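Below: the structure, in structure tokens.
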Amino acid sequence: MRKLLITLFLFGTFSVSLHADEALVLIGHSTLQKTDLPTLQRLYTGRVVSLNQQAATPFNLPPGHPLREQFIDNILGQNEEQYSGYWLVRRYVGKGAPPQELSSPEEIIHAVNTTPGAVGYVPLSKVPTGGNIIFKR
């Protein structure tokens, strides 16, 4: 029985780590060009509002979503508490609002495809054929 529990625990941990380590890419509306990490960091922190001289609309997943945690950690170099606190202060001093939150990668893909200038992050495995990958780490 103990071996079974250990095996299940290890398998569960391995499964979670596989999901968490899946490659994350940023996709953009078909009119956007590839961009660099510092520009994306400034976009998701409200310091720039355009990419390649086109108005940009970043989309986020909700707090607690594993892909959001991966994005905030790997792309922005923060944790959820730091990112939420940053936006709390910016909103309070009148410097903008955080990116709109959508509930799933599928919603992000739909929003990016239908909104000019839209940007969002999804797992590489979910990028549709012909999807416009604007950043891959």
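Coordinate-derived values only; no laboratory data. Just so we're clear, the structure is a prediction, and the values are computed from it rather than from any experiment. In this analysis, Cβ positions are derived from the backbone assuming ideal geometry, glycine residues included, and neighbour counts consider all displayed protein chains.
Give me the net charge for the shell around Arg47: Cβ to Cβ below 12 angstrom, other residues only, Lys and Arg +1, Asp and Glu -1. Please report the intermediate quantities before stating the final value.
Details: positive: Arg42, Arg90, Lys95; negative: none.
Around Arg47, the surrounding residues sum to +3.
Of all DSSP beta bridges located in region 23-136, what percent are antiparallel, nearest 5? Please report the intermediate quantities before stating the final value.
Values: 10 of 14 bridges.
If I count the DSSP bridges inside region 23-136, around 70 percent turn out antiparallel.
Could you tally the net charge around His110, taking each other residue with its Cβ under 15 Å from the Cβ of His110, Lys/Arg +1 and Asp/Glu -1?
Counting the neighbours of His110, the net charge comes to -2.
Please give the net charge around Phe135, taking every other residue with its beta carbon less than 11 angstrom from that of Phe135, where Lys and Arg add +1 and Asp and Glu add -1.
Within the 11 Å Cβ shell, the charges total +2.
Taking the Cβ-Cβ separation of Arg47 and Asn113 as r and a Förster radius of 35 Å, what is the calculated FRET efficiency to the nearest 0.05?
Using R0 = 35 Å, I get an efficiency of 0.85.
In percent, how large is the relative contact order of region 23-136, given Cα pairs closer than 8 Å and 6 or more residues apart?
51
So if I average 1/r over every pair of distinct C-alpha atoms in region 23-136 and take the inverse, what Kirkwood radius in Å does that give?
14.0
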